[in-house]
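Computed from the coordinates by the stated procedures, all read-outs in this text should not be read as laboratory data. Remember, predicted model here, so these are calculated numbers, not experimental data. As a convention, Cβ positions derive from the backbone with ideal geometry for all residues, glycine included, and neighbour counts pool all protein chains shown.
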Amino acid sequence: MAAEVDVLIVGSGPAGAMAAWALRGRPGVQMLDAGHTAAGLTSVGLEHLRAGAPPVSLKLRGPAVEFITRDAARLTPVVSASFPAVVSLAKGGLGNAWGGGVYRFRDGELGGLPDLTPHYDAVSRHIGVCGANDDLGAEFGLEPELLPPLRIGRNARAMLENYKRARPAGVTLGHARLAVRSGEYTYRANEFTSAGDPARYCPASTLDSLPGLTYSPGWVARRFRETEAGVEVEAVGLQGGCETFRARRLILAAGTLNTARIVLRSFDDFATRLPLLDNPITALPLVRWSGVGRGDDAPESGMAQLNIVLAAERFGRKFQGSLYGTRGAPPIEFAHRLPFSLTTNLRVLRALLPAVTLAMVFHPAAPGAQYLRLRPDGALEADYPWRADDALTLELVRVFRSLGFWAHAGMAHHAGPGQGIHYAGTLPMTERPGRYQLHRDGRLEGTRAVYVCDGSCFSHLPAKNLTFTIMANAHRIASGLR
Ligand SMILES: Cc1cc2nc3c(=O)[nH]c(=O)nc-3n(C[C@H](O)[C@H](O)[C@H](O)COP(=O)(O)OP(=O)(O)OC[C@H]3O[C@@H](n4cnc5c(N)ncnc54)[C@H](O)[C@@H]3O)c2cc1C
């Protein structure tokens, strides 16, 4: 039996898109994707916001972004009491919703991955990265063509000035690094409830720029099987039916959870517990009292405005956070947190919100008791015990008070595993890979031609958003197949 294409990529999120881009110009590259797309709706009335159960992020709750998680709970379910997973079956994957924060992993953070510098550089040039080479430059790495940072608000400017004066021990603060072509960005309110700004990188734009790529949406890959000629992938159609796709080599980029599902199902393995990683979040509202009741400033970015890094020497482990203004979300989103009538709450919020900054601090993660397993009914079962660290919350309150912002530990919200949406670690890359581990070139141990290039590869997670590293590593692995 002849292989039909040279390389078959499963998934079109940041990982799959970067693999396809690394193979640009090469004949015989096909991408298999569930591939849901938006139905033309770009912004929403607040009455349409979907509340409640996961997906939890506001960025996944408006009808304009409904397509991102459409069908995922039905077709690729994850069952867990401790890990509310978010899965995407969309063209561009979760890259349709992401905040665009891009940070290079430094030495010691890469785990089993090799040096990625040339691949970070290539991805950076392709997607466009904005920010500043300020105090965080050494932490985030040098970009070959760093675009100017987005405009930040009055509160963020005040925090930066206070930081330069106070220089609290173990704290580094600076402009956010974002995959945004800052010159083309539109400053608008309620950004979180709209489809993404086109200036922010979305993987779908890469696919659309690759005329040589055979993009095949509408298929959910279930399993692979190696043959003499290469690999066969069995897929189920979103409109019904079943199809077998054939290739010489297969790259799995279905997102960490769905890649694990495909791999385990390919071996009919319903017993193995794969490791699982995510970055839990502590969210803390911060108030700059002099900002209460202040009128509009020049429009500011709805994306992360600043990043903060807390050193391990002072905080026990290294933590990283993003700081947001309140323009990205509609005031109604905060109204239920106040104790008065809706009308009074909204009036209070109108005065209060100009003074508020939201800190989202990511926790690092390492393998432990948490796991992912495939059940015979096709659902993934996950368990991820985690407890919030009250001592850290108190430290955060102290740090932000030293930067001129009031905070109270009682107002912290802990979004545990699953809600970080930085899934990784299921098929780690190691020096001497065993079963369900990867060789340096991305090849799955025990297979001849099956490669994995998404977050599965990581062996641990620093408290740093991981997608830039997923993209650089996917670029590296696919470049190796050229
Ligand atoms: C609200 C939000 C904000 C975020 N902000 C940031 C941030 O600022 N910085 C950062 O680094 N990360 C951020 N992330 C995380 C980031 O989006 C993910 O790390 C990234 O999208 C993972 O890329 P991926 O390609 O591995 O998987 P995904 O983006 O999940 O893409 C998976 C792809 O595989 C396809 N697929 C899945 N299963 C199958 C199947 N069985 N058959 C065929 N196709 C399949 C899907 O259609 C999709 O195209 C954020 C995520 C969210 C939700």
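Laid out as a table, the results:
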quantity	calculated
Relative contact order of the range 426-482, defined on C-alpha pairs under 8 angstrom at six or more residues apart (%)	27
Other-chain or far-sequence residues with amide H under 5 Å of Trp219's (modelled H)	Asp33, Ala34, Leu238
Linear extension gain, Ala73 paired with Arg432, 0.36 nm per residue minus alpha-carbon span	125.7 nm
Of all DSSP beta bridges in the range 5-480, antiparallel share, percent nearest 5	70
The range 5-480, relative contact order [Cα under 8 Å, separation at least 6], %	24
Estimated inter-spin distance, Leu353 and Arg24, nm [label 7 Å along Cα→Cβ]	3.9
Mean residue ellipticity (222 nm) of the chain, computed from DSSP H runs ≥ 4 via -39,500 (n - 2.57), nearest 500	-6000 deg cm²/dmol
Other-chain or far-sequence residues with amide H under 5 Å of Val79's (modelled H)	Leu380, Glu381, Ala382
Convex hull volume of the chain per residue (C-alpha atoms, cubic angstrom)	140
In order through the range 71-84: 3J(HN,Hα) via Karplus (6.51 cos²θ - 1.76 cosθ + 1.60), integer Hz, x for Gly, Pro	6, 5, 5, 7, 8, 9, x, 10, 9, 6, 8, 10, 9, x
Mean Cβ neighbour count within 10 Å, used as a protection proxy, ranking 275-282, 363-370, 86-93 highest first	86-93, 275-282, 363-370
Nearest 10 degrees, 0 to 90: helix 342-352 Cα axis against the chain principal axis	80
Net charge of Cβ neighbours under 12 Å - reference Ile477; Lys, Arg +1; Asp, Glu -1	+3
Förster radius 22 Å - calculated FRET efficiency between Ala312 and Ala369 (Cβ-Cβ, nearest 0.05)	0.45
Tilt relative to the chain, helix 117-127 - C-alpha long axis, 0 to 90 degrees, to 10	70
Charge tally in the Cβ shell below 15 Å around Ser290, where Lys, Arg are +1 and Asp, Glu are -1, Ser290 excluded	+3
Positive minus negative residues near Ala449 (Lys, Arg vs Asp, Glu; Cβ under 12 Å)	+1
Angle in degrees between helix 467-480 and the longest Cα principal axis of the chain, rounded to the nearest 10	20
